[in-house]
Amino acid sequence: MKHQKFLVVIEKAGKNFSAFSPDLPGCISTGKTRAEAERNMLEAMQLHIDGTIADGEKIPKSESSAVTMMLEIPGKKKAAVRAPRLAKTTRHLGRGL
């Protein structure tokens, strides 16, 4: 039996959790807890793959990846100084590019 890994994104959605896989379009799930969303997503993904095979289609390649990035969150004083520069850049980009 062949195994393949797929990226799953889990998000907090109000009082619940939602999950999706970018490499399996339309394959989504939810749960009241993160663990439930993960279990439901695993089942949804397996059903998705089984249906894909039954339809005679190719299994999509898992090409997505994720990274967590650390950002500096400036205090209110620094943020106010940076905001006008960002606004100028946004206006510039909207004009000619």
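The values are calculated or read from the model by the stated rules, or taken from the named source; none is laboratory data. Since the structure is predicted, the reported quantities are computational estimates derived from the model, not experimental observations. No Cβ is skipped: glycine too gets one built from the backbone with ideal geometry, and neighbour counts run over all protein chains shown. For accessibility, only protein heavy atoms count, side chains too; no ligands or nucleic acids. Shrake-Rupley method; radii C 1.70, N 1.55, O 1.52, S 1.80 Å.
Within the bounds of region 34-49, is there any residue that is at pLDDT 95 or above and assigned to a loop (DSSP other than H, G, I, E, B)? Scanning region 34-49, I find no residue that is at pLDDT 95 or above and assigned to a loop (DSSP other than H, G, I, E, B), so the answer is no.
Within region 26-39, being open to solvent by 50 Å² or more (accessible area, probe 1.4 Å) and either touching a Ser or Thr at 6+ places or on another chain (Cβ under 7 Å) or touching a residue at least 60 places away in the same chain (Cβ under 8 Å) (or both) holds for 28, 30.
Residues in region 58-68 that are without any contact (Cβ under 8 Å) to a residue 40 or more places away in the chain and either part of a helix (DSSP H, G or I) or open to solvent by 100 Å² or more (accessible area, probe 1.4 Å) (or both): 58, 61, 67, 68. Out of 55, 23, one residue alone is of a type outside the set (Phe, Trp, Tyr), free of Cβ contacts under 8 Å to residues at least 60 places away in the same chain and loosely packed, with under 10 Cβ neighbours inside 10 Å. It is 55.
Residues satisfying the criterion are present in region 5-19 (criterion: in a loop (DSSP other than H, G, I, E, B), surrounded by fewer than 17 Cβ atoms within 10 Å (Cβ to Cβ) and in contact with a Ser or Thr (Cβ under 9 Å, 6 or more places away or on another chain)).
For residue 94, state whether it is open to solvent by less than 70 Å² (accessible area, probe 1.4 Å) and modelled with pLDDT under 95.
It is true that residue 94 is open to solvent by less than 70 Å² (accessible area, probe 1.4 Å) and modelled with pLDDT under 95.
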